[in-house]
């Protein structure tokens with residue numbers, strides 16, 4: 001991770017902690033309002049060009065729509081389950097570490113047909129690890145946490 005990105009995260013984290021302390025909670029609206037003044041340390045981290053911000057928001061909406069479409073499939077235990085119709089895979093080599101990883105969406109069938117299912121499985125494992133990192137400290141989830149950790153360990157062997 002680059003020093004620029006790390007510095008940005010540190011500034012954001014500190015300011016978010018300050019805002020949460022000040023308000024007793026944090027919302028996107030509070031964060032945005034704090035960033036509006038040009039003198040705010042957060043101001044440079046937001047897109048203030050309206051045209052560019054609108055385009056970025058429309059891309060965010062389009063991504064959300066792609067992720068929302070579900071299909072019903074028969075799982076290995078013969079149960080019918082709803083899953084995303086499109087899965088995210090990499091679009092190729094990443095040239096710039098500072099830029100978000102570009103990706104494309106394809107159907108799970110195409111991922112299997114094109115030999116990209118391992119990429120989908122790696123993504124699922126990253127999501128599980130993220131879940132663990134987020135909820136590991138909640139004792140009421142300790143049984144689920146233990147099961148996920150055990151399954152991830154089996155997958156690594």
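Where a number appears in this text, it was derived from the coordinates with a stated rule and is not lab data. These numbers come from a predicted model, not from an experiment. Here Cβ is always computed from backbone atoms with ideal geometry, including for glycine, and neighbour counts include all displayed protein chains.
As I understand it, the value is the acute angle between the Cα axis of helix 142-156 and the longest principal axis of the Cα atoms of the chain; what does it come to in degrees, rounded to 10?
Helix 142-156 and the main axis of the chain meet at about 70 degrees.
So what is the 222 nm mean residue ellipticity for the chain from helices alone, if each DSSP H run of at least 4 adds -39500 (n - 2.57) and you divide by all residues, rounding to the nearest 500 deg cm²/dmol?
Roughly -18500 deg cm²/dmol at 222 nm, from the helical runs in the chain.
With a point put 7 Å past each Cα toward its Cβ, work out how far residue 64 is from residue 81 in nm, to one decimal.
Rounded to a tenth, the inter-label distance reads 2.6 nm.
In a Gaussian network model over the chain where Cα atoms closer than 10 Å are linked, find which of 24, 115, 103 has the largest mean-square fluctuation.
Sorting by GNM fluctuation, first place goes to 24.
Pairs of Cα atoms under 8 Å, at least six residues apart: use those to get the relative contact order of the chain, whole percent.
Contact order relative to length: 12 percent.
Distance between the C-alpha centers of the stretch 109-135 and the stretch 1-61? Whole Å please.
29
Counting residues in the stretch 1-46 as N, plug N into 2.2 N^0.38 Å and put the Cα Rg over that result.
1.15
Okay, which of the stretch 104-118 sit inside 15 Å, backbone N to the point 7 Å along the Cα-Cβ direction of residue 90?
104-105, 116-118, by backbone N distance to the label point.
Using a Gaussian network model of the chain with C-alpha springs under 10 Å, which one of 61, 20, 119 is most mobile by mean-square fluctuation?
In the Gaussian network model the winner is 20.
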